[in-house]
Amino acid sequence: TSDLDNDNILAIDEFLNGTVPGASLDIDGNGKFDALTDGLLILRSFFGLTGDALIANALSNNSTYGSADKVQSRINSMQTSLDIDSNGELDALTDGLIILRYLFNLRTTSLIDDVISPNSNRSNLEDILTYFDTLIPTDSDNDGVLDVFDLFPNDPTKIVDEDTSNPP
């Protein structure tokens with residue numbers, strides 16, 4: 001019954017939908033991390049766009065969050081997580097561009113060149129890449145269940161403990 005990301009979707013429903021109950025760069029909820037959907041939605045939101053201007057031509061065909069209100073609510077629930085440079089502000093020209101570049105698979109200094117805020121608390125490439133690891137959920141054993149839901153994230157044959165003995 002938990003709602004770790006405060007998006008009004010219970011953890012069990014997130015599991016059934018294949019979405020993650022926590023901050024994730026999958027803004028439209030389709031299970032993918034895409035610069036031209038998720039990155040664009042974040043950038044537009046940071047620039048203050050709302051309604052149709054926020055989502056126009058930026059949602060994937062299989063979006064879980066298919067309306068501007070749902071997308072904005074999801075972004076709002078993740079605001080502290082989207083402060084990539086950790087300066088206490090969400091800025092399109094710093095955090096937004098870093099996110100967009102990351103989603104375009106930039107992993108060298110070009111990810112952060114000329115976009116880190118002067119008052120940032122997270123400013124070097126390694127720290128930012130490590131931080132992004134928390135925003136991209138993984139399936140370590142490739143069993144189709146994200147590690148956040150998998151009690152055995154390194155064993156593709158097990159997801160839950162099915163032992164019913166007491167104690168298990």
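Quick look at the values:
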{"item": "Residue under evaluation Thr108, criteria (1) within 30 Å of Lys158 (Cβ to Cβ); (2) more than 20 Å from the chain's Cα centre (by Cα), criterion not met", "result": "(1)"}
{"item": "Residue match in the range 146-157 (condition: in contact with a helix residue (DSSP H, G or I) (Cβ under 7 Å, 6 or more places away or on another chain), more than 28 Å from Gly48 (Cα to Cα) and either open to solvent by 60 Å² or more (accessible area, probe 1.4 Å) or at pLDDT below 95 (or both))", "result": "yes"}
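The values are calculated or read from the model by the stated rules, or taken from the named source; none is laboratory data. Only a predicted model underlies this, so the values are computations on that prediction, with no experimental measurement involved. Here the Cβ is made from the backbone with ideal geometry for all residues, glycine too, and neighbour counts use every protein chain on show. Protein only, heavy atoms only, side chains kept; ligands, DNA and RNA dropped before computing areas. Shrake-Rupley method; radii C 1.70, N 1.55, O 1.52, S 1.80 Å.
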